[in-house]
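Chemist: Structure provided below as C-alpha cells; questions to follow.
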Amino acid sequence: MEKNRLVRIAMRLCVALLPLVAACPKAQGQERDEVPMPEVSTDSVMKHIIELSSETYEGRLAGSAGHEAAVKYVERVLRRYGVKELKQQPFDVECNEVENCKFNVYIPGSKEKRVFTLGNEFCCAGMTGRGYVDAQLVFCGYGVDNGFFNEYKSVDVQGKIAVVLTGLPSWLPASVGEHYQTLRDKARTAERHGAIGMLAVNISPSCLPYEPQGKVYCGELPHLGTFPILQLTHDCAREIFQGEAMSLDDAIKGIDNDHRISSFSLLKKGEVDVNARYRQRAQTMNVVGLLEGSDNDLRREIIVVGASLDGTGIQGETCLFPSADINASGVAAVLETARVLSNKDYRPKRSVLFVLFSGSEQQYLGSREFLKQYPRLGFVEAFINAQNIGCGDSLVVLGDNRYPTLWEVAHNRDTAADRQHIWTNGEKTDPRGDARAFDKLGIPSLVITTHNGLQHNHVSSDIWENIDRRILGQASRLLAETVAELGEGLYQGRAPKSKSQRFRE
C-alpha cells in the first residue's frame, strides 16, 4: 500500500514538472534572442571617415598606391572586428595619375598672364592626355557636330584649344545627344576638327560655380594620350570670357533659350602643360570578408552588405579630393556593421558578407567584377548598399519599386522606437549605383543614402569636417539593424528561379 502511494506521488510530481522541463529550452532560446544588438557608435564611424579621407590615402583613386593603402586599412579593421575569411578580388581599371598641371591665359602681345591654380579654379579631366599646348581659345558651345546643329561650322579650331560646355542643351534630341555625353566624346570631335586641346566649362547644377569638380570616368576607350583636357569652374570661365565679343552667360543663353549657335574665337590664348602617368590596365581590387552565421542550416544563406571604397584621387600637390562623404561614409558604416554583428553574443543566423568595392568611379566596375568572381552567388539572398550617408537632411532608402518586401524591413526598423527618418516623396524608386548589377541578377537590393546630400559631390570640400554626425548616425544604425534583421532568417530572400543565373555584361 505504502509503495503504491509513493508511486502515485512520484507520478504527480512528474506531471507537475513537465511544463517546466518543456519550457527550459524555450526559456534559454528566449534569453539568447533577447540579447540586445550592441550599440552603433557614431564616434567609431567618424574615426574611419577621418582616417580614409586623410592625405595618407590621396583620394583613394582606383589603381593607385593610395587606394591600395585604403584596402590594407579596411582589411586590418575587418580582421580586428572578427571577420576572418578575408579575400581580395583583383581586376584591371584605367588609372591616370596627374602629377602636375599648369594653366595660364593671356592676350597675344601682352606681357601679363593670368595664372590659374590647379584645385582652385580648375582641375584635369580624369582621363586627360599629357602634353604642352599654347594656342588661341575658340568657344564651340556644347561641342556638338551634327547636321542640323554643327557648332564647329562657323569657327576654325585647327591648331587651337576648343572651349566647350559640359552636358548638353535640354532641347537636343536624344539620338543626337548620345554621341556627346562624355568628355572623351567631345574631345574626339574637337580633335577631328583639328583642335590640340580642350577646356570643358563645368556648368553642372550639382557643383558650385567656384569649385572644381573631379570625375574619373570620361567615356569609353581609346585614350587620347597627347590631348590635354581641363575642367574649368564656371567662375573661371566667366573671367576668361571678360572683354570678349560675348560673355559666357550670354553665349549659354543663346544656345539654351534661342537654340542658336554661339561659337566664336576669343582674343585670348591658353597655355596648358599636363604631366600625367596613364595606365590602361592598372590593378585594383575589391575586399571581401565573410562573417559566418550562427545557425547550422541558415549559415549557407548570405546577406551582402557593401560600399564603394575608391574615390577621385589627387592631382599635383594642390588638388585633393578627400571623398569623405562620397564614400568614406558608406565604407565606415559597413565597417561599423561588421563590428556590431561580429559580437560573439549577437551573431546573425545567416552569414553576412562584407564587400568594399573598387572601380565605382568607373561605371561601378567593382560590383560587376564581384558578381563575376564570387563563387557562391546562388546563396546570396539580398544586398544592402551604403552610399553617401554623411550629408543631407533625411535618409532615403532606394529600391521599394523593385523590392517592396525588402524595403519594408528597412522601413520597419526605421519606424521602431519612434524613429521616422526615411524620406519619401510618394514615388517608387529603383536600386542604383553598385546595386544595379545585383538587381540585374534579381538579387533583392536596397541603397541607403540621403536626400539633398550631394553638396560636396566630387569636390575638394568633401572633408570629414563637413560630415553631419546626426544623419551619419541615423544611417549607420539603420544599416546595421536592417542587416541584423535580414540575418535572423525570417526574411524569405531571393526568388529560387534567379539563383542559377550568372552575371553577364
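The values are calculated or read from the model by the stated rules, or taken from the named source; none is laboratory data. Since the model is a prediction, treat every value here as computed from it, not as a measurement. Counting neighbours? That spans all protein chains shown, and the Cβs are built from the backbone with ideal geometry, glycine included.
Chemist: In region 440-470, which residues are modelled with pLDDT under 95 and touching a His at 6+ places or on another chain (Cβ under 9 Å)?
Modeler: Answer for region 440-470, where residues must be modelled with pLDDT under 95 and touching a His at 6+ places or on another chain (Cβ under 9 Å): there is none.
Chemist: Quick one: in region 167-185, which of the residues that are among the polar types (S, T, N, Q) and free of Cβ contacts under 8 Å to residues at least 60 places away in the same chain is surrounded by the fewest Cβ atoms within 10 Å (Cβ to Cβ)?
Modeler: Ranking the candidates gives Ser175 first.
Chemist: So which pairs qualify, if the first residue must be in region 401-418 and assigned by TED's automatic domain parsing to the domain that holds Phe383, the second must be polar (S, T, N, Q) and at pLDDT 90 or above, the Cβ gap must be under 8 Å, and the two must be at least 6 apart or on different chains?
Modeler: Asn401/Thr429; Arg402/Ser445; Tyr403/Ser445; Leu406/Ser445; Val409/Thr482; Ala410/Thr482; Arg413/Thr482
Chemist: Output the number of residues of region 314-323 satisfying the condition of being in contact with a Leu (Cβ under 8 Å, 6 or more places away or on another chain) and farther than 18 Å from Gln362 by Cα.
Modeler: Count: 3.
Chemist: Shifting gears a bit: Does Phe354 satisfy being buried (at least 24 other Cβ atoms within 10 Å of the Cβ) and aromatic (Phe, Trp, Tyr)?
Modeler: Here the answer is yes, as Phe354 does meet what is asked.
Chemist: Moving on. Within region 327-348, is even one residue closer than 27 Å to Ser498 by Cα and either at pLDDT 95 or above or in a strand (DSSP E or B) (or both)?
Modeler: Yes: region 327-348 contains one or more residues that are closer than 27 Å to Ser498 by Cα and either at pLDDT 95 or above or in a strand (DSSP E or B) (or both).
Chemist: Select the helices (runs of 4 or more DSSP H) contained entirely in region 355-473, then report the ones holding at least 2 residues which are among the polar types (S, T, N, Q) and over 18 Å from Gly493 (Cα atoms).
Modeler: The qualifying helices (runs of 4 or more DSSP H) are 365-373.
Chemist: In region 211-241, which residue that is over 23 Å from the mean Cα position of the chain (by Cα) and assigned to a loop (DSSP other than H, G, I, E, B) is surrounded by the fewest Cβ atoms within 10 Å (Cβ to Cβ)?
Modeler: Once the filter is applied, the top-ranked residue is Pro222.
Chemist: What are the residues in region 433-465 that are among the charged types (D, E, K, R) and touching a strand residue (DSSP E or B) at 6+ places or on another chain (Cβ under 6 Å), if any?
Modeler: Asp434, Asp439, listed by residue number.
Chemist: While we're here: Starting from residues that are charged (D, E, K, R) and out of contact with any His (no Cβ under 6 Å at 6 or more places or on another chain), keep the ones in region 47-74 and report whichever is surrounded by the most Cβ atoms within 10 Å (Cβ to Cβ).
Modeler: Glu58
Chemist: Also, quick follow-up: Asn296 - would you say it is modelled with pLDDT under 95, surrounded by fewer than 17 Cβ atoms within 10 Å (Cβ to Cβ) and out of contact with any Ser or Thr (no Cβ under 8 Å at 6 or more places or on another chain)?
Modeler: In short, yes.
Chemist: Would you be able to say whether some residue in region 489-502 is without any contact (Cβ under 8 Å) to a residue 60 or more places away in the chain, under 16 Å from His411 (Cα atoms) and over 25 Å from the mean Cα position of the chain (by Cα)?
Modeler: Scanning region 489-502 turns up at least one residue that is without any contact (Cβ under 8 Å) to a residue 60 or more places away in the chain, under 16 Å from His411 (Cα atoms) and over 25 Å from the mean Cα position of the chain (by Cα).
Chemist: OK, next. Exactly one condition in (1) in contact (Cβ under 8 Å) with a residue 40 or more places away in the chain; (2) touching an Asp or Glu at 6+ places or on another chain (Cβ under 6 Å) is not met by Glu369; state its number.
Modeler: (2)
Chemist: Does Arg376 satisfy the criteria of being in contact (Cβ under 8 Å) with a residue 40 or more places away in the chain, basic (Lys, Arg) and over 26 Å from Pro90 (Cβ atoms)?
Modeler: No.
Chemist: Still on this structure: Identify the single condition in (1) touching a His at 6+ places or on another chain (Cβ under 6 Å); (2) touching a residue at least 40 places away in the same chain (Cβ under 8 Å) that Trp423 does not satisfy, given that it satisfies every other one.
Modeler: Tallying (1) touching a His at 6+ places or on another chain (Cβ under 6 Å); (2) touching a residue at least 40 places away in the same chain (Cβ under 8 Å), Trp423 fails exactly one: (2).
Chemist: Tell me which of these Val83 doesn't satisfy, since it passes every other one: (1) outside the structural domain of Leu356 (by TED's automatic domain parsing); (2) closer than 30 Å to Arg368 by Cα.
Modeler: Status for Val83: all satisfied but (1).
Chemist: What single numbered condition from (1) in contact (Cβ under 8 Å) with a residue 60 or more places away in the chain; (2) farther than 26 Å from Gln362 by Cβ; (3) among the charged types (D, E, K, R) fails to hold for Arg130?
Modeler: Here Arg130 clears every test but (2).
Chemist: Does Val40 satisfy the criteria of being over 30 Å from Ala135 (Cβ atoms), in the same structural domain as Val334 (by TED's automatic domain parsing) and either of a type in the set (S, T, N, Q) or in a loop (DSSP other than H, G, I, E, B) (or both)?
Modeler: yes
Chemist: While we're here: Confirm whether Phe116 is touching a residue at least 40 places away in the same chain (Cβ under 8 Å) and within 15 Å of Leu230 (Cβ to Cβ).
Modeler: So Phe116 passes the test.
Chemist: Output the number of the condition that Arg277 fails; it satisfies all remaining conditions of (1) surrounded by fewer than 16 Cβ atoms within 10 Å (Cβ to Cβ); (2) at positive phi.
Modeler: (2)
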